[in-house]
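The values are calculated or read from the model by the stated rules, or taken from the named source; none is laboratory data. No experiment lies behind these values; they were computed from the predicted model shown. Using ideal geometry, Cβ is built from the backbone for each residue, glycine included, and neighbour counts are taken over all protein chains shown.
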Amino acid sequence: MSGSGITVTGLGSGLDYQSWIKQLVAIKQAKIDDVSAKAAAVSTKQTTLTSLQDKYTSLQASIESFTQALSAEDVFNQKSVKSSSDAITAEVATGATAQSIKVNVSKLATATTAQGASAAAAYVDTDTQLSEIASGSVKAGNFSVYVDGAKTSINITADETMDDVLNDLNNIDGVSASLSDDGKLTIEASGTSAVTVGSSADTSNLGNVMSLVKANGVYSSSKSIFDTDTSTTLTSTSFENGTVSLGKFKIGSAEFEVKAGTTLDSLIKEINADPKAGVTAAWDPNSGKLLLTAADEGAVNINVESDVASGGSNFTYIMGLTTADGQSLAADSQELGSNAVLTINGTQITSSSNTVTSDISGIKGLTLTLNDETTSTTKVEISQDTTKVSDAITKFVSAFNMVNTATETETSTDGNLKGESLLSSIRNKLRTTVTANVTGEGQYTTLASIGITTGKATTDLSAKTNQLIIDTDALTKALTENPDAVKKLLSGDKTAGTKGVLSKLEAIVDPALDVNKGYFATRDKSYDKQIANFNEKVTNMNTDLEKYQKSLDAKFQAMDTLISNMKKQASVFDSYFNKNNSSSSSSSSSSSS
């Protein structure tokens with residue numbers, strides 16, 4: 001038993017009145033438990049309602065994929081495209097017309113390239129340090145030269161100049177080494193001796209960096225070697241046409257600036273990161289030139305300019321891309337790209353890009369990407385794609401069946417929402433709508449006419465007829481033959497002012513799901529209020545019960561005290577009465593004697 005303080009049971013009376021209190025309290029507790037059970041029942045209803053609401057929301061979403069098709073992606077008119085050759089890939093938009101197209105590609109479009117007519121970088125000379133050679137870093141180590149089989153090794157250090165290397169080589173008996181004005185190293189015999197350069201044990205890569213190749217007993221660089229270090233600042237680097245000045249210049253429509261710390265590497269990175277430049281930039285260490293390749297194909301110049309007279313950088317001139325004024329392209333600095341040439345259904349078309357869009361081809365919604373020239377005709381097939389709309393219909397049918405089954409189960413005599421007549425009414429309207437005819441001039445007037453039915457007719461009375469079933473073949477046939485008619489059946493015709501099956505279903509589902517006045521919202525609020533009222537009642541009843549229990553404790557304890565006092569008084573009286581009786585008996589005995 002609960003209560004404050006310590007309760008001692010029946011010390012005076014000997015009565016077990018605590019069991020009486022427990023029984024009296026239990027009667028009132030049963031009433032509290034009954035109210036709590038009612039609150040729990042309403043909570044169960046609310047949980048069931050929320051779960052059911054989620055199913056209606058899923059149904060609503062599946063319906064909207066059709067009814068909102070005109071304002072978003074039109075699932076009814078999806079197209080697919082297939083090319084018979086890897087030489088051509090194709091993409092197709094919703095508005096394309098199903099058809100077969102024959103394509104031949106005789107020439108691909110190429111992109112314009114811009115590169116200086118002469119090398120921008122300076123050639124390696126005798127003063128060039130090995131660490132500055134642009135074609136690669138010379139590794140420190142030994143480098144071997146054999147004269148008539150006798151090996152001599154020279155030690156290469158990173159801070160040496162080409163003149164140091166030439167001196168080391170020329171100090172070997174029988175060897176002659178020289179460096180040409182165009183940066184080519186030659187190593188040969190100074191007499192009739194046979195000279196061989198390099199050993200498998202060498203640790204320096206000088207021969208590879210200088211591109212040494214043997215011909216007729218003579219080793220010489222197969223290409224010119226340049227001394228441009230792309231990681232050093234531009235203003236401290238010597239180029240063939242001079243040094244780069246600070247300032248701005250343009251490539252495409254993008255503006256760039258040479259600052260005090262700008263390097264060729266950092267500038268190339270900036271150019272490639274800016275889409276407005278419209279090019280890909282790269283430094284070619286083998287030619288000593290900056291190469292620009294247009295991002296788009298076609299016979300158009302790459303815009304390169306700099307207003308040198310007004311303080312712009314001479315970078316474009318140093319690179320050999322413009323004249324000294326920066327306003328005119330250097331002669332032979334650009335090689336124009338070419339246009340693509342193709343035929344579509346026998347008609348020749350020229351495109352500045354290998355991406356041939358519909359405004360060039362004249363075929364609405366079709367984009368062709370030319371990957372290679374063709375030797376035979378490529379067929380491009382545009383066809384109706386029923387995948388998305390079929391998937392959307394399948395999703396709708398699944399959502400509808402789930403709503404129908406769940407509503408029927410929960411509103412039945414054994415359901416948690418038994419007696420919710422409005423919910424049953426919503427379900428009945430949905431069932432009636434999916435089987436009703438749709439007025440209009442379309443080819444299809446019922447869901448059954450496109451293969452969505454409640455099953456085949458049967459004499460089996462136990463067979464379920466409240467579930468929608470899809471006849472895939474019939475649905476695919478309808479979508480392929482007349483997608484617009486299917487669209488009118490499902491979504492209606494805004495021009496004619498008619499509603500489709502799903503538009504009508506939406507008119508039932510949307511109000512029920514209205515967040516302010518819909519069935520689910522108002523019923524949920526009602527349940528909240530009922531639960532709150534029951535909980536408040538339970539709280540009050542518990543308070544009253546505690547008071548009631550304390551009152552019983554007090555009354556029974558008072559009764560016990562009263563009985564105890566009465567027992568004490570009776571004991572005193574009994575003792576006195578017995579004492580008097582004993583005295584009287586003794587007196588009587590003495591008199592008799």
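Would you kindly identify the helices (runs of 4 or more DSSP H) lying entirely within segment 435-537 that contain at least 3 residues that are touching a Leu at 6+ places or on another chain (Cβ under 9 Å), surrounded by 20 or more Cβ atoms within 10 Å (Cβ to Cβ) and modelled with pLDDT of 90 or more? Full working, then the answer.
Values: elements: 472-481, 483-491, 501-512.
Counting at least 3 such residues, we get 501-512.
Screening 233, 243 for residues that are farther than 19 Å from residue 151 by Cβ, surrounded by fewer than 17 Cβ atoms within 10 Å (Cβ to Cβ) and in contact with a helix residue (DSSP H, G or I) (Cβ under 8 Å, 6 or more places away or on another chain) leaves exactly one candidate, 243.
Checking 124, 81, 145, 105 one by one, the residue that is closer than 29 Å to residue 389 by Cβ and aliphatic (A, V, I, L, M) is 81 and no other. Checking residue 235 against (1) part of a loop (DSSP other than H, G, I, E, B); (2) in the same structural domain as residue 266 (by TED's automatic domain parsing), which test does it fail? Checking residue 235 against (1) part of a loop (DSSP other than H, G, I, E, B); (2) in the same structural domain as residue 266 (by TED's automatic domain parsing), the one that fails is (1).
For segment 283-321, the set of residues classified as closer than 18 Å to residue 257 by Cα, exposed (fewer than 15 other Cβ atoms within 10 Å of the Cβ) and of a type outside the set (S, T, N, Q) consists of 309, 311, listed by residue number. Considering only segment 391-403, how many residues are buried (at least 17 other Cβ atoms within 10 Å of the Cβ) and either within 30 Å of the chain's Cα centre (by Cα) or under 19 Å from residue 85 (Cα atoms) (or both)? Number satisfying all stated conditions: 7.
The combined condition, being modelled with pLDDT of 95 or more, under 30 Å from residue 370 (Cα atoms) and either out of contact with any helix residue (DSSP H, G or I) (no Cβ under 6 Å at 6 or more places or on another chain) or buried (at least 19 other Cβ atoms within 10 Å of the Cβ) (or both), is fulfilled by residue 103.
Looking only at residues in segment 322-380 that are among the small types (Gly, Ala, Ser) and in a helix (DSSP H, G or I), which one is surrounded by the fewest Cβ atoms within 10 Å (Cβ to Cβ)? Spell out how you get there, then give the answer.
Within segment 322-380, the subset among the small types (Gly, Ala, Ser) is 324, 326, 328, 330-331, 333, 337-338, 340, 346, 351-353, 358, 361-362, 365, 376.
Narrowing further to those that are in a helix (DSSP H, G or I): 358, 361.
Working: 358: 16, 361: 19.
Selected residue: 358.
What about residue 331, is it without any contact (Cβ under 8 Å) to a residue 40 or more places away in the chain and among the small types (Gly, Ala, Ser)? No; evaluated as a whole, the condition is false for this residue.
If we only count strands (runs of 3 or more DSSP E) wholly inside segment 76-154, which ones have 1 or more residues that are touching a Gly at 6+ places or on another chain (Cβ under 7 Å) and within 30 Å of residue 284 (Cα to Cα)? Spell out how you get there, then give the answer.
On the way: elements: 79-83, 88-92, 99-107, 111-115, 141-147.
In segment 76-154, the matching strands (runs of 3 or more DSSP E) lie at 111-115, 141-147.
Considering (1) without any contact (Cβ under 8 Å) to a residue 60 or more places away in the chain; (2) on the phi < 0 side of the Ramachandran plot, the lone condition that residue 278 does not fulfil carries the number (2).
Of the residues screened, residue 569 is not one that is touching a residue at least 12 places away in the same chain (Cβ under 8 Å), assigned to a helix (DSSP H, G or I) and over 20 Å from residue 63 (Cα atoms). Can you work out which of the residues in segment 155-164 that are hydrophobic (A, V, I, L, M, F, W, C) and outside any strand (DSSP E or B) is surrounded by the most Cβ atoms within 10 Å (Cβ to Cβ)? Ranking the qualifying residues of segment 155-164, first place goes to 162. Within segment 268-299, the residues that satisfy the criterion of being among the hydrophobic types (A, V, I, L, M, F, W, C) and more than 13 Å from residue 333 (Cα to Cα) are 268, 271, 273, 277, 279, 281, 282, 283, 294, 295, 299.
Among the candidates 183, 261, the residue that is in contact (Cβ under 8 Å) with a residue 24 or more places away in the chain and surrounded by fewer than 18 Cβ atoms within 10 Å (Cβ to Cβ) is uniquely 261.
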